[in-house]
Amino acid sequence: MDQLSLDDLRAVDERVLHFNPYGFGGQLTPEDALDFQQHVIGQYELVDQVAEGTRRRFEQLRHVYRYGLLCYDVFTMVGDAALLVFEQALRDRFIVFHAGAVHLRTKDGDVHRLEGVTNYGDFMDRYKELKGTRIQMGPDRSWTGFNGTLDGLYRWARREGFLRGQRNRGWEKAVTNLRNSVAHPNGFHLDGPVEAARTLSDLAEVINQLWGQATSGGRLYPAPVKRRTLAIAWHPITGSVAIGHVENLRTDPEQDDWQYVVVQGVFEPGQAEDPTLSHFDTLFEHTTYPCDLLWGPGSRAEMLQWVVSNPPMSDTREHLDRIFLLRHDADTLYVPQSPEVAAGLPQNERSGTWFAIRADFPTDAFAHVRSSVEGGEPRHQPAGECQRCHADTLKQGTWREALVAAQNAGAGVEPSRPTDARVPSWMPRSVVVLPAAR
């Protein structure tokens, strides 16, 4: 081992100086590098409700992260240690949720009530001693298998509604695997400040979400998106499309040949912007974020007259774990619809097999159902959370059964029949699918 002096220990590791607010390149001064790295991790704050043990571990990691300026290896150590704190956060949330008492059931069907549970390690010791296999989970408090591992804790948190987002199920599995690789290492790796900061950022999002707080602009568990009143216009001949805030429209009397709709959607250029607004369809879900028709279609003069009595507004909408309904009839699979629009369909458009799907985006729901009904192998799971993609099948059955499942999942099913209108685009309303393999 190399012998180091105090001056050696105080010396700045020059590798860190190349990380700056513009990326990787020009070298910063040590003072500026420290300011920058402290600003990066200073953004990650935990809500007040977080358990003290989890909070102190997180603050410990943020404190040690700064010493990466003197020793680059610290970033690897912080990132690896953070992967272990994911499990601590879930354990602490488990104990807080059960408030000192956990019901368990053994493989023989015996039910026990564990009293005085204040420590997860103590709980697991008693759980194993009694040969527990199941605990009560979810709104219906059903008996569900529980093994006490990180993977089991993630499943528990989802059943209790603490974690959300179908795409995050895959991320949670990946974090579990990364944590296991840290706990049982096989080889050497070296991370930098970017990787360590990203892990701390993700850790903060998970912890806050477990205690009921979404992250504004978050990567994993973001807060509901802000929507504003927008005008989408298109030229019926050229197919050109324009999008803007209603309050910014020209109000002169001159007319044009464009068609207009007014919607409530996500459009904040440079901040949050729905890249699929140009595919808006009143009957089918094509947009990345929820987008609702307020008026139209019609001319600009008609639209401006409507706006006089309906001033622009803003709101927020949850965009994870949305509920979609899809219809598969003969060899045709239709694009996802909102439960309200599906509920308002005429009788002749209710035939076939219907799917009630929970997904973050309509494309995820469509891809899952298409893979389920086509003959390709391996097929996606026809019921429950799919392990091959980011979708959860709530029901496969008739139109009415799918609507009931959507309503039970919290979706609104008040029938709606908006005007049939769509912005000209290449997005289809249905596709021909191959028959399922027998």
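Listed conditions (1) touching a residue at least 40 places away in the same chain (Cβ under 8 Å); (2) part of a strand (DSSP E or B); (3) aliphatic (A, V, I, L, M) are all met by Ala342, apart from (2).
Close Cβ contacts (under 6 Å, 6 or more residues apart or on different chains) running from residues in the stretch 352-374 that are assigned by TED's automatic domain parsing to the domain that holds Val432 to residues that are part of a helix (DSSP H, G or I) and basic (Lys, Arg) comprise Asp360/Arg167. Answer yes or no: is there a residue in the stretch 228-240 that is free of Cβ contacts under 8 Å to residues at least 24 places away in the same chain and either outside any loop (DSSP other than H, G, I, E, B) or surrounded by 15 or more Cβ atoms within 10 Å (Cβ to Cβ) (or both). Within the stretch 228-240 (the criterion being free of Cβ contacts under 8 Å to residues at least 24 places away in the same chain and either outside any loop (DSSP other than H, G, I, E, B) or surrounded by 15 or more Cβ atoms within 10 Å (Cβ to Cβ) (or both)), the answer is no, since none of the residues qualifies.
Residues considered: Tyr120, Tyr154. Of these, the only one that is within 18 Å of Gln387 (Cα to Cα) and crowded, with 18+ Cβ neighbours inside 10 Å is Tyr154. Among the candidates Leu326, Leu230, the residue that is farther than 30 Å from Val369 by Cα and at pLDDT 95 or above is uniquely Leu230. Taking (1) assigned to a loop (DSSP other than H, G, I, E, B); (2) more than 14 Å from the chain's Cα centre (by Cα) in turn, Phe162 satisfies each apart from (2).
For the stretch 1-57, enumerate the residues that are under 30 Å from Phe162 (Cα atoms), in a loop (DSSP other than H, G, I, E, B) and aliphatic (A, V, I, L, M). Answer for the stretch 1-57, where residues must be under 30 Å from Phe162 (Cα atoms), in a loop (DSSP other than H, G, I, E, B) and aliphatic (A, V, I, L, M): Leu46, Val47, Val50, Ala51. With respect to the stated conditions, Thr176 fails to be under 30 Å from the mean Cα position of the chain (by Cα), surrounded by 14 or more Cβ atoms within 10 Å (Cβ to Cβ), within 21 Å of Tyr65 (Cβ to Cβ) and not basic (Lys, Arg).
Of all residues in the stretch 251-278, those that are more than 20 Å from the chain's Cα centre (by Cα) and under 19 Å from Glu340 (Cβ atoms) total 4. Taking the listed residues Tyr120, Tyr154, Tyr127, the one that is farther than 27 Å from Leu220 by Cβ, out of contact with any Cys (no Cβ under 9 Å at 6 or more places or on another chain) and of a type in the set (Phe, Trp, Tyr) is Tyr127, with no other qualifying.
The values are calculated or read from the model by the stated rules, or taken from the named source; none is laboratory data. Just so you know, these numbers come straight off a predicted model, no measurement behind them. Here Cβ is always computed from backbone atoms with ideal geometry, including for glycine, and neighbour counts include all displayed protein chains.
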